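**Q** Provided herewith is a single structure, encoded as structure tokens, for subsequent inquiry.
The values are calculated or read from the model by the stated rules, or taken from the named source; none is laboratory data. All values derive from a computational prediction rather than experimental measurement. Virtual Cβ from ideal backbone geometry, glycine too; neighbours counted across all protein chains shown.
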Amino acid sequence: MGLTIVVFVLQLRLSDQQLARVVYLLGVVPRRYTQPGWAAHVGFPGIGLASFLTMTFLHGGWLHIISNLWTLWIFGDNVEDRMGPARFLLFYLTCGVIAGIAHVVTNPGSTVPAIGASGAIAGVLGAYFFLYPRARIICLIPIFFLPFFIEIPAFFFLLLWFFSQFFSGTLCLLTAQECGGIAWWAHVGGFLAGVFLHRLFLIRQPARRPFFIDEYGVEGAWPWAGYR
């Protein structure tokens, strides 16, 4: 989170032209990878595989970074507890890379750069889905402009979120539109990466040693004697 904030502060110091160049070079532009001839023609340097990592730390504005980091703050610490800081960072970046690949595969002709941590955070949500399914999520539902708070299980909340991303992404594919610049399939890919890969990054819990009968106190030492 700290590194993401630092990068965003550096973005704010750039001119519009400099920022556009950084976003195109360090974000994921699908057509850059599916049509190398086009990429060379417009001036993209090299293959640019590092962009699948750097895209995670770039954001398009205050609302973009606040919403992403707020979600990471809510769900990330619990998942990190089960992985440890180093493993969690590797897991986070791996999900971000897979999310970027999913975006390229599903939008091969797009020239719009994809940036943001949402794909990596979707991976964290996928891990949370299996690690803490019974956790309670407090949701705000506006009813006639009045805030109404309810608690729902994390399992249901994240399942609903996943299908909203899946159906929105499917609609975009069927209509062949950019869909407001939201990389729906990056979210889907990141979430599935978290679901299937999170166990590889968990810290192994030490196996509990079984208690012997004489460790349960005096009563357990002579069960055959009918001690009361």
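**Q** Look through Val22, Val79, Val6, Val28 and report the one residue that is crowded, with 19+ Cβ neighbours inside 10 Å and out of contact with any strand residue (DSSP E or B) (no Cβ under 8 Å at 6 or more places or on another chain).
**A** Going through Val22, Val79, Val6, Val28 in turn, the sole match is Val79.
**Q** Same structure, new question: Cβ-Cβ distance below 8 Å, separation of 6 or more or different chains: which pairs start in the stretch 38-50 with a residue that is at positive phi and end on one that is assigned to a helix (DSSP H, G or I) and surrounded by 11 or more Cβ atoms within 10 Å (Cβ to Cβ)?
**A** Gly48/Leu25; Gly48/Arg32; Gly48/Tyr33; Gly48/Ala39
**Q** Okay, moving on. Just wondering, is there one or more residues in the stretch 123-132 that are free of Cβ contacts under 8 Å to residues at least 60 places away in the same chain, surrounded by 16 or more Cβ atoms within 10 Å (Cβ to Cβ), more than 20 Å from Gly60 (Cβ to Cβ) and over 15 Å from the mean Cα position of the chain (by Cα)?
**A** Checked the stretch 123-132: at least one residue is free of Cβ contacts under 8 Å to residues at least 60 places away in the same chain, surrounded by 16 or more Cβ atoms within 10 Å (Cβ to Cβ), more than 20 Å from Gly60 (Cβ to Cβ) and over 15 Å from the mean Cα position of the chain (by Cα).
**Q** Would you confirm whether or not the stretch 136-157 contains a residue that is among the aliphatic types (A, V, I, L, M), over 20 Å from Ile5 (Cα atoms) and crowded, with 21+ Cβ neighbours inside 10 Å?
**A** No, the stretch 136-157 contains no residue that is among the aliphatic types (A, V, I, L, M), over 20 Å from Ile5 (Cα atoms) and crowded, with 21+ Cβ neighbours inside 10 Å.
**Q** Output yes when any residue across the stretch 150-172 is part of a helix (DSSP H, G or I) and touching a strand residue (DSSP E or B) at 6+ places or on another chain (Cβ under 6 Å), and no when none is. Please lay out each step first, then the result.
**A** Here is the first cut: in the stretch 150-172, the residues part of a helix (DSSP H, G or I) are 154-172.
Going one step further and asking which of them are touching a strand residue (DSSP E or B) at 6+ places or on another chain (Cβ under 6 Å), we end up with 154, 157.
Yes, because at least one residue in the stretch 150-172 is part of a helix (DSSP H, G or I) and touching a strand residue (DSSP E or B) at 6+ places or on another chain (Cβ under 6 Å).
**Q** For the stretch 137-188, name all the residues that are under 16 Å from the mean Cα position of the chain (by Cα) and among the small types (Gly, Ala, Ser).
**A** Residues satisfying the conditions are Ala154, Ser164, Ala183, Ala186.
Residue-by-condition table, conditions (1) more than 30 Å from Pro133 (Cβ to Cβ); (2) out of contact with any helix residue (DSSP H, G or I) (no Cβ under 9 Å at 6 or more places or on another chain); (3) not basic (Lys, Arg):
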position: Asp16; (1), (2), (3): yes, yes, yes
position: Val22; (1), (2), (3): yes, no, yes
position: Pro30; (1), (2), (3): yes, no, yes
position: Tyr33; (1), (2), (3): yes, no, yes
position: His41; (1), (2), (3): yes, yes, yes
position: Ile66; (1), (2), (3): no, yes, yes
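**Q** Evaluate the following for Gly109: is it of a type in the set (Gly, Ala, Ser), out of contact with any strand residue (DSSP E or B) (no Cβ under 9 Å at 6 or more places or on another chain) and at pLDDT 95 or above?
**A** So Gly109 does not fit the description; no.
**Q** On to the next question. Run Pro223 past the list (1) within 18 Å of the chain's Cα centre (by Cα); (2) modelled with pLDDT under 90; (3) not hydroxyl-bearing (Ser, Thr, Tyr) and report the number of the one that doesn't hold.
**A** Just one mismatch for Pro223, condition (1).
**Q** Still on this structure, please answer the following. Please note which helices (runs of 4 or more DSSP H) are completely contained in the stretch 41-114 and include at least 1 residues that are within 30 Å of Arg204 (Cβ to Cβ) and basic (Lys, Arg). Don't jump to the end; show me each part of the working.
**A** Details: elements: 51-54, 62-83, 85-106.
Here the list reads 62-83, 85-106.
**Q** Another question about this same structure. Of everything in the stretch 39-52, what is surrounded by 14 or more Cβ atoms within 10 Å (Cβ to Cβ) and either among the small types (Gly, Ala, Ser) or over 28 Å from the mean Cα position of the chain (by Cα) (or both)? Give them in sequence order. Steps first, answer last, please.
**A** First, pick out the residues of the stretch 39-52 that are surrounded by 14 or more Cβ atoms within 10 Å (Cβ to Cβ): 39, 44, 48, 51-52.
Hits for the stretch 39-52 are Ala39, Gly48, Ser51.
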